[in-house]
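Worksheet: the structure to be examined is printed underneath.
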Amino acid sequence: MGARQQIGDLWFEQFVSETQIEQLVQQMALDILTHYEELPLFLPVLNGAYLFMADLTRALDTAHRVEFIKYQSYEGTASSGQLTERIGLNEDAIRGQSVLLVEDIVDSGRTVAELRKLLREMGASEVRCVTAFFKPGAHKPDSVPEFIGMEIPDDFVVGYGMDYNGWGRNWRGLYRRIEH
């Protein structure tokens, strides 16, 4: 069993190490470089994707553009089912561009599905998604990412950019909720 951490009344246990995350990011960078002749516009979804985007950017080691958006769909440990815009998109930066959404995790897939639709409406020529972690048992059909670092069980997780009410983003590995 991995290290245990506590946030408020919840306990978490590490199940993906920092080393494993580094390896998956390196592999994903290679996959992206192999797929694209010219790198797309990278569009990380804040707040959760900030660490993954930073690591992916360094692993790509070639010039590319990055814009940022911020949407919120979680309340506590569950998805609210509502996507709320916090920082919007510059339509001029999207029109005619191949876009790669960068997500920390795709679980229900609502965010990815809604953003794909929005980006197409804004004139993106292509919209794909890269995610560090994917919960295959919980997604919608239009939300399956083209680039997946690791499939994980349908547990509530924190660390590597993901949080519980703003806490735990800085944890270096990925931790799942456990009963204490």
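Here are the numbers:
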quantity	calculated
Single match in Val66, Val16, Val25 (criterion: under 14 Å from the mean Cα position of the chain (by Cα) and in contact (Cβ under 8 Å) with a residue 12 or more places away in the chain)	Val25
Gly159 vs. criteria modelled with pLDDT of 90 or more, out of contact with any His (no Cβ under 7 Å at 6 or more places or on another chain) and on the phi > 0 side of the Ramachandran plot	yes
Some residue of segment 105-127 being part of a loop (DSSP other than H, G, I, E, B) and within 21 Å of Ile21 (Cβ to Cβ)	yes
Residue in segment 23-39 that is under 24 Å from His180 (Cβ atoms) and either hydroxyl-bearing (Ser, Thr, Tyr) or assigned to a strand (DSSP E or B) (or both) present	no
Residue match in segment 87-96 (condition: polar (S, T, N, Q), modelled with pLDDT under 90 and either closer than 19 Å to Pro153 by Cα or over 17 Å from the mean Cα position of the chain (by Cα) (or both))	yes
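Residue-wise test of (1) closer than 15 Å to Leu46 by Cα; (2) surrounded by fewer than 18 Cβ atoms within 10 Å (Cβ to Cβ).
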{"site": "Val106", "(1), (2)": "yes, no"}
{"site": "Thr111", "(1), (2)": "yes, no"}
{"site": "Arg116", "(1), (2)": "no, no"}
{"site": "Glu121", "(1), (2)": "no, yes"}
{"site": "Val130", "(1), (2)": "yes, no"}
{"site": "Gly137", "(1), (2)": "no, yes"}
{"site": "Pro145", "(1), (2)": "no, no"}
{"site": "Asp155", "(1), (2)": "no, yes"}
{"site": "Asp163", "(1), (2)": "yes, no"}
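The values are calculated or read from the model by the stated rules, or taken from the named source; none is laboratory data. Predicted model only: the values in this text are computed from it and were never measured. Neighbour counts are summed over all protein chains in view; Cβ atoms, including those assigned to glycine, are modelled from backbone coordinates with ideal geometry.
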